[in-house]
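Inspection log for the structure reproduced underneath, given as structure tokens.
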Amino acid sequence: MPAVFLAPPPSDDELEAWADEIRTIEEGRFEPDWNELFSDDSTPWPVSHDLGSPGEDAAAVSESEADARPIDLVHTLVAVAVRRRQHTAEEYRLMTLILDRAVADPDPWVGPDPTLDHAWKESRGRSVAAVRRDRADLAERAAAAEIAVHLRLAEQTVRTRVGHARTLQARCGLA
């Protein structure tokens with residue numbers, strides 16, 4: 001049975017736009033310049049409105065938001081969506097970084113390398129390189145499982161997100 005995809009894969013333009021967002025995050029520019037985005041005389045939300053720290057009741061609508069013009073609310077929604085994508089890109093980047101570091105240094109995840117002991121002998125007859133490859137794979141799996149537990153996700157979801165991040169990095173020339 002052929003695979004059924006609910007949505008087409010992202011276009012090159014979409015991938016490049018996401019890559020630009022990732023570059024923005026990596027350069028430390030997490031916050032858009034709201035004054036530049038909304039340079040007209042209308043303010044889409046009160047000056048005290050902070051997108052980073054919602055009030056105790058996130059579903060509540062303030063009086064000024066209830067009285068705001070619909071287009072102003074759309075601008076606020078767009079700003080929230082931009083921040084959500086930035087945070088998602090940062091989450092994917094950190095997941096990839098953790099898994100890459102686990103492969104590069106598996107000791108914290110799977111213990112010390114037994115092949116470094118001069119008295120070590122492989123009972124199954126595997127080479128040193130094969131044992132080290134297995135350790136790196138096990139470390140990556142352990143790191144993905146750890147992330148999955150902390151974020152309350154399936155391990156496969158973590159691996160899928162890291163795969164997407166690596167694809168974006170490869171196709172968009174991100175380091």
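Rundown of residues vs (1) modelled with pLDDT of 95 or more; (2) under 11 Å from Met95 (Cβ atoms); (3) over 12 Å from the mean Cα position of the chain (by Cα); (4) among the acidic types (Asp, Glu), yes/no style:
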| position | (1), (2), (3), (4) |
| --- | --- |
| Glu140 | yes, no, yes, yes |
| Ile147 | yes, yes, no, no |
| Val158 | yes, yes, no, no |
| Ala165 | no, yes, no, no |
| Arg171 | no, no, yes, no |
| Ala175 | no, no, yes, no |
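When the stretch 116-160 is limited to residues that are of a type in the set (Asp, Glu) and assigned to a helix (DSSP H, G or I), the one that is farthest from Arg101 (Cα to Cα) turns out to be Glu155. Is it the case that the stretch 101-109 has a residue that's surrounded by 16 or more Cβ atoms within 10 Å (Cβ to Cβ), touching a residue at least 40 places away in the same chain (Cβ under 8 Å) and not small (Gly, Ala, Ser)? No.
When Ala144, Ala119, Ala170, Ala165 are checked against the criterion of being touching a Lys or Arg at 6+ places or on another chain (Cβ under 9 Å), farther than 17 Å from Asp107 by Cα and not acidic (Asp, Glu), Ala165 stands alone in meeting it.
The values are calculated or read from the model by the stated rules, or taken from the named source; none is laboratory data. From a predicted model like this one, the values you see are computed outputs, not experimental measurements. Using ideal geometry, Cβ is built from the backbone for each residue, glycine included, and neighbour counts are taken over all protein chains shown.
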